[in-house]
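The values are calculated or read from the model by the stated rules, or taken from the named source; none is laboratory data. It should be emphasised that the depicted structure is a prediction, and the values quoted were computed from it without experimental measurement. All Cβ positions, even for glycine, are placed from backbone atoms using ideal geometry, and neighbour counts span all protein chains on display.
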Amino acid sequence: MFGGIIEVLLALVKNRNGNLMKNNLFQTYLQNKLPLDRKKVLGLGYDIGYCSDQIAKLYPWMEVTNVDYSKHLITTVPFNSEQVSLKNADFAHLPLSNESFDCVYVNNTLEQTGDVEQILQEGHRVLSWGGVLVAAIPSNAFSDHELRILLDDLGFVNIEIQEIYTFCKLGMISYPPASDKMMYIVAWKRCQKISRLERAIEAMDWVYQTISPEKPNESGIPPDIIKSGYAWCGGYALVLQFVLEREGYKTRRVAFWMKPHPKGHGIEKVDSHALLEVYLDVKWQLLDPTCNIYFNGNSLDDLVRNPDLALPVFAEHEPDIRFRERRYDLYCTKWAFEKCYKTYYENPVFTNFKKSLKQYNKLYTIAKFMKHRILLYKV
């Protein structure tokens, strides 16, 4: 609730004239549902045109194609971005190839169309396997049950529908026809439903394939790291944490130090390695995005206390060229854990404190703006 109030106040600051357009508030909330391991996004609707530009700016590794039925509206969108292309087309008959996007993004548009089922079917057609539908629709258009049945019949899986009170949570102007409720949808095109663990491993593989270890990251901000395309182990852990926490995972970054190490530094030849733990099935489970390794449900503590637990992992894992050339066996195998003499675990209390500071900084920005507006009013 507190965070929602802050976002509304920030929107007021951004819109200096005090006008809050309905979809500006939708967009921020809906964009936070967008999985970050996407490359090609299809947006449906004119309002999405503005949203597409924002997505392209926030996530510069994504290419966005925006479609609208109105040719006039498409030609008058007041922005220009190399990452965003615009098309005039009927949502129910998209002139797009099968499996050509990995995300379809629909913001407050479905309920305004004639045939919701046909449009969702088209969305499913243009999605690649592993693609995702991210959409918002007022609660008066469908019930949760009806929407789940429709999405299931069309072949979507891992369907998540969140209904919120937009007036209370987002501070939006009351909309009586929908009882001030909005449904936010995330649904995947897959052959079968996958678990939270499988999704985490899928995201880890994306991080591994997207980022190169050829040079260190110059920024500690995950979107900047993804945009640059380069990082060492600490950057890999930051990016995977950013991707997974966006989807509601509980995570913590971890690290361990080894000595003596063939690539170590100093007299004692010390080297270190950073990884990520995810809390699933009532325990911490270790992921190594740098090496693209999941340790079969074991935590860092488990592996340090019993390095033999790493043996089955590599009995089932065929190292790729990068793994062999960069000698990742020196950082994630039984040998590495046997050399461990010190560990680090990210403190969630400290992390939450930093997040709170960011919220207070936002409030400080709001307070300065409101004080300025009051002074102008008095003058």
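State which residue is nearest to K57 (Cα to Cα) when the search covers only the range 99-117 and only residues that are modelled with pLDDT of 85 or more and surrounded by fewer than 22 Cβ atoms within 10 Å (Cβ to Cβ).
Of the range 99-117, the ones modelled with pLDDT of 85 or more are 99-106, 116-117.
Filter again for surrounded by fewer than 22 Cβ atoms within 10 Å (Cβ to Cβ), leaving 99-100, 102, 116-117.
Numbers: E99: 25, S100: 22, D102: 18, V116: 30, E117: 31 Å.
Per the stated criteria, the residue is D102.
Read through the list (1) over 13 Å from P35 (Cβ atoms); (2) part of a helix (DSSP H, G or I); (3) modelled with pLDDT of 95 or more; (4) not aliphatic (A, V, I, L, M), then give the number of the only condition that Q192 fails.
Tallying (1) over 13 Å from P35 (Cβ atoms); (2) part of a helix (DSSP H, G or I); (3) modelled with pLDDT of 95 or more; (4) not aliphatic (A, V, I, L, M), Q192 fails exactly one: (2).
So, in the range 218-241, exactly how many residues are more than 22 Å from Q83 (Cα to Cα) and either among the aromatic types (F, W, Y) or outside the structural domain of S299 (by TED's automatic domain parsing) (or both)? Talk me through it step by step, then tell me what you get.
Kept after step one, since they are more than 22 Å from Q83 (Cα to Cα), are these residues of the range 218-241: 218-220, 231-238, 240-241.
Checking which are either among the aromatic types (F, W, Y) or outside the structural domain of S299 (by TED's automatic domain parsing) (or both) leaves us with 232, 236.
Of the residues in the range 218-241, 2 are more than 22 Å from Q83 (Cα to Cα) and either among the aromatic types (F, W, Y) or outside the structural domain of S299 (by TED's automatic domain parsing) (or both).
Within the range 340-357, can one find any residue that is in a loop (DSSP other than H, G, I, E, B), under 23 Å from P262 (Cα atoms) and either modelled with pLDDT of 95 or more or not assigned by TED's automatic domain parsing to the domain that holds V270 (or both)? I'd like the intermediate steps shown before the answer.
Looking only at the range 340-357, we keep the residues that are in a loop (DSSP other than H, G, I, E, B), and these are 346-347.
Next cut, under 23 Å from P262 (Cα atoms) only: none.
No - not one qualifying residue is present in the range 340-357.
Within the range 280-300, is there a residue that is closer than 21 Å to V243 by Cα, exposed (fewer than 15 other Cβ atoms within 10 Å of the Cβ) and touching a strand residue (DSSP E or B) at 6+ places or on another chain (Cβ under 6 Å)?
Yes, some residue in the range 280-300 is closer than 21 Å to V243 by Cα, exposed (fewer than 15 other Cβ atoms within 10 Å of the Cβ) and touching a strand residue (DSSP E or B) at 6+ places or on another chain (Cβ under 6 Å).
Quick one: which helices (runs of 4 or more DSSP H) sit completely within the range 218-335 and have at least 3 residues that are free of Cβ contacts under 8 Å to residues at least 60 places away in the same chain?
Ranges flagged: 222-228, 233-246, 300-305, 311-315, 321-325.
Mind checking which residues of the range 301-320 are more than 13 Å from C291 (Cβ to Cβ) and touching a Lys or Arg at 6+ places or on another chain (Cβ under 7 Å)?
Of everything in the range 301-320, those that are more than 13 Å from C291 (Cβ to Cβ) and touching a Lys or Arg at 6+ places or on another chain (Cβ under 7 Å) turn out to be P307, D308, L311.
Could you pull out the residue among L36, L58 that is at pLDDT 80 or above, touching a helix residue (DSSP H, G or I) at 6+ places or on another chain (Cβ under 6 Å) and assigned by TED's automatic domain parsing to the domain that holds I161?
On the way: L58 fails: touching a helix residue (DSSP H, G or I) at 6+ places or on another chain (Cβ under 6 Å).
That would be L36, the only listed residue that is at pLDDT 80 or above, touching a helix residue (DSSP H, G or I) at 6+ places or on another chain (Cβ under 6 Å) and assigned by TED's automatic domain parsing to the domain that holds I161.
Mind telling me which of the residues L147, L120, L96 ends up being within 25 Å of E63 (Cα to Cα) and assigned to a helix (DSSP H, G or I)?
On the way: L147 fails: within 25 Å of E63 (Cα to Cα); L96 fails: assigned to a helix (DSSP H, G or I).
So the residue among L147, L120, L96 that is within 25 Å of E63 (Cα to Cα) and assigned to a helix (DSSP H, G or I) is L120.
With the structure loaded, tell me whether N158 is touching a residue at least 24 places away in the same chain (Cβ under 8 Å), farther than 21 Å from I55 by Cα, surrounded by 15 or more Cβ atoms within 10 Å (Cβ to Cβ) and in contact with a strand residue (DSSP E or B) (Cβ under 7 Å, 6 or more places away or on another chain) or whether it fails that test. Spell out how you get there, then give the answer.
On the way: touching a residue at least 24 places away in the same chain (Cβ under 8 Å): yes; farther than 21 Å from I55 by Cα: yes; surrounded by 15 or more Cβ atoms within 10 Å (Cβ to Cβ): yes; in contact with a strand residue (DSSP E or B) (Cβ under 7 Å, 6 or more places away or on another chain): yes.
Here the answer is yes, as N158 does meet what is asked.
Looking only at the range 338-353, count how many residues are under 31 Å from the mean Cα position of the chain (by Cα) and under 19 Å from E277 (Cα atoms).
Of the residues in the range 338-353, the ones under 31 Å from the mean Cα position of the chain (by Cα) are 343-353.
After this cut, where a residue has to be under 19 Å from E277 (Cα atoms) as well, the list is 343-352.
Here the count works out to 10.
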